[in-house]
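Notes follow the structure.
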Amino acid sequence: MTLIEGHRPIEPPQGVAVWDIDPYDTAILTDPTDYYHELRARGPLVYIPKYQILCCGRYAEIKTIFNDWERFVSSRGVGLQDFKLDEPWRPPSIILEADPPDHTKTRTVMARAMSPRAVNQLKEFFQSTANDMVDRLLLLDSFDAVYDLAEAFPTTVFPEAVGLREVNRQHLIDYGAMVFNALGPDNALRQRSLAMGPDIVPWLTEQCRRENLKPEGLGSTIYASADNGDITEEEAGMLVRSLLSAGVDTTVTGIGSALWVLATHPEEFEKLKADPSLARPAFEETLRYTSPVHTFCRTANLDTDISGVRIQEGTKIICSLGAANLDEEHWPNADHFDINRRPTGHLALGTGIHGCVGQNIARAEAEAVLTAIALKVDKIQSMGDAIWRPNNSIHGLDSFPIKFT
Ligand code: OVM
């Protein structure tokens, strides 16, 4: 059988709209809003000839798919490749790319390491680092919101929280981009990212070893779960790899997009300054409005149906979280950014058993940065165009010159 992008091609199911588009086209990845609208408008599921696959952009159906891990599995990969049929670029993640019962064990270990209590202990460090960073940026005539803050902050605090003895900021960023680009088709983005593998993967793998982690970090907490027999030593290393895969580019993107929405919605920034305790709700609305992880796939593990559409075993479904988070059927005034919205139930961090296990840390990082800005900055001035960085699974800025006054 000839595979397409590593999965078994399907015929268009009865009654499904056929849409001749490439969701991984650079123009769509950099500016997805019109694509999101049309994807939702064409139906609950659409068929994409280029990849002979299904695609979903509506809130209700994505929620159904994500909350039904028995029918729509992750163990066959959460990108276009079906791991049952095609070999992945790296050993699969034992948490992201796993189903119960295997997933339950690793998820428990990760949830324990990043519990609310563990994260509370990091908050002072996050806040003092954010305060210092914002103080220094206030002295500059202009700076890059991405390089100088959105990337600088997480690549400072997160490796320290994990307990890495050796930090290579660019390697961490590039590895994250590689993991997320790898979920897409074998396009130029994926190829260019994977070409960096030989320079980065051996370094990253080495940092996941017990002896390269400080005793007080999250990494050591995970290794403690190997000491008490909950997981093996090798699994502990794999879970530290998961921290480094999922914990950098996601938070970088969330913080960068928060700076962008606040710079471009000055009336919302005024509300945040008037009440800095809105930092968390403002970040939550940023997640809904910008969806840092725009796409994850699932694979139907049996013949089934969704919203009356027949789905064959082995069908990949591209789930556009970005489209679902702007679905007018679910979100009144969806295209409006409002820091007072309280967008409970947004899908930016997923939902169901694979919902972001690091969300407490992600929120704590963003809250520290936004609180520092709310207290210290009078205006976030845009000093040039926001440039977006295309990635097969992440929608975020590449660069955005701004000034704090
Ligand atoms: C992992 C992993 C990688 C990318 C994303 C993710 C958003 C997890 O390696 O476990 O969750």
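The values are calculated or read from the model by the stated rules, or taken from the named source; none is laboratory data. Everything numeric in this text was worked out from a predicted model, so none of it was measured. Virtual Cβ from ideal backbone geometry, glycine too; neighbours counted across all protein chains shown. In case anyone asks, the SASA skips ligands and DNA or RNA and just uses the protein heavy atoms, side chains included. Shrake-Rupley method; radii C 1.70, N 1.55, O 1.52, S 1.80 Å.
Can you tell me which residue in the range 289-318 is farthest from the ligand (Cβ to nearest atom), limited to those that are closer than 30 Å to residue 340 by Cβ and out of contact with any Leu (no Cβ under 8 Å at 6 or more places or on another chain)? Reasoning before the result, please.
So in the range 289-318, the residues closer than 30 Å to residue 340 by Cβ come out as 289-296.
Then keep just the ones that are out of contact with any Leu (no Cβ under 8 Å at 6 or more places or on another chain); that gives 290, 292.
On the way: 290: 16, 292: 10 Å.
Here the answer is 290.
If you go through the range 106-119 one residue at a time, how many are open to solvent by 40 Å² or more (accessible area, probe 1.4 Å) and within 14 Å of the ligand (Cβ to nearest atom)?
The initial filter retains those residues of the range 106-119 that are open to solvent by 40 Å² or more (accessible area, probe 1.4 Å), namely 107-108, 111-112, 116-117.
Remaining after also requiring within 14 Å of the ligand (Cβ to nearest atom): 107, 111.
Residues that pass the stated criteria total 2.
Would you point out which residue out of 392, 325 is within 16 Å of the ligand (Cβ to nearest atom), in contact with a His (Cβ under 6 Å, 6 or more places away or on another chain) and either touching a residue at least 40 places away in the same chain (Cβ under 8 Å) or closer than 28 Å to residue 4 by Cα (or both)?
Values: 392 fails: in contact with a His (Cβ under 6 Å, 6 or more places away or on another chain).
The unique qualifying residue is 325.
Among the residues that make up the range 258-270, is at least one of them closer than 23 Å to residue 360 by Cβ and either more than 22 Å from the chain's Cα centre (by Cα) or within 16 Å of the ligand (Cβ to nearest atom) (or both)? Before the answer, list the steps.
In the first step, residues of the range 258-270 are kept if they are closer than 23 Å to residue 360 by Cβ; the result is 258-259, 261-262.
Narrowing the set further to residues that are either more than 22 Å from the chain's Cα centre (by Cα) or within 16 Å of the ligand (Cβ to nearest atom) (or both) leaves none.
No: zero hits.
Only one of these conditions is not met by residue 91: (1) closer than 25 Å to residue 197 by Cβ; (2) more than 16 Å from the ligand (Cβ to nearest atom); (3) open to solvent by 40 Å² or more (accessible area, probe 1.4 Å); (4) in contact (Cβ under 8 Å) with a residue 24 or more places away in the chain. Which number is it?
Condition (2) is where residue 91 drops out.
Of all residues in the range 354-377, which are within 13 Å of the ligand (Cβ to nearest atom) and either open to solvent by 10 Å² or more (accessible area, probe 1.4 Å) or on the phi > 0 side of the Ramachandran plot (or both)? Reasoning before the result, please.
Keep residues of the range 354-377 that are within 13 Å of the ligand (Cβ to nearest atom), which gives 354-359, 361-362.
Within the range 354-377, 354, 356, 357, 358, 359, 362 qualify.
What do you reckon, is residue 351 within 15 Å of the ligand (Cβ to nearest atom), under 30 Å from residue 53 (Cα atoms) and crowded, with 20+ Cβ neighbours inside 10 Å?
On the way: within 15 Å of the ligand (Cβ to nearest atom): yes; under 30 Å from residue 53 (Cα atoms): yes; crowded, with 20+ Cβ neighbours inside 10 Å: no.
No: the conditions fail for residue 351.
Which of (1) within 16 Å of the ligand (Cβ to nearest atom); (2) within 24 Å of residue 163 (Cα to Cα); (3) open to solvent by less than 60 Å² (accessible area, probe 1.4 Å) is the odd one out, the single condition residue 122 does not satisfy?
(1)
Give 115, 93, 142 a once-over and let me know the one that is more than 23 Å from the chain's Cα centre (by Cα) and hydroxyl-bearing (Ser, Thr, Tyr).
Numbers: 115 fails: more than 23 Å from the chain's Cα centre (by Cα); 93 fails: more than 23 Å from the chain's Cα centre (by Cα).
From the options 115, 93, 142, the qualifying one is 142.
May I ask you to verify whether residue 216 is free of Cβ contacts under 8 Å to residues at least 40 places away in the same chain and over 18 Å from the mean Cα position of the chain (by Cα)? Let's see the steps before the verdict.
On the way: free of Cβ contacts under 8 Å to residues at least 40 places away in the same chain: no; over 18 Å from the mean Cα position of the chain (by Cα): yes.
So residue 216 does not fit the description; no.
Does residue 145 count as open to solvent by 30 Å² or more (accessible area, probe 1.4 Å), of a type outside the set (Asp, Glu) and either within 14 Å of the ligand (Cβ to nearest atom) or modelled with pLDDT of 95 or more (or both)? Steps first, please.
Details: open to solvent by 30 Å² or more (accessible area, probe 1.4 Å): no; of a type outside the set (Asp, Glu): yes; either within 14 Å of the ligand (Cβ to nearest atom) or modelled with pLDDT of 95 or more (or both): yes.
No, not satisfied.
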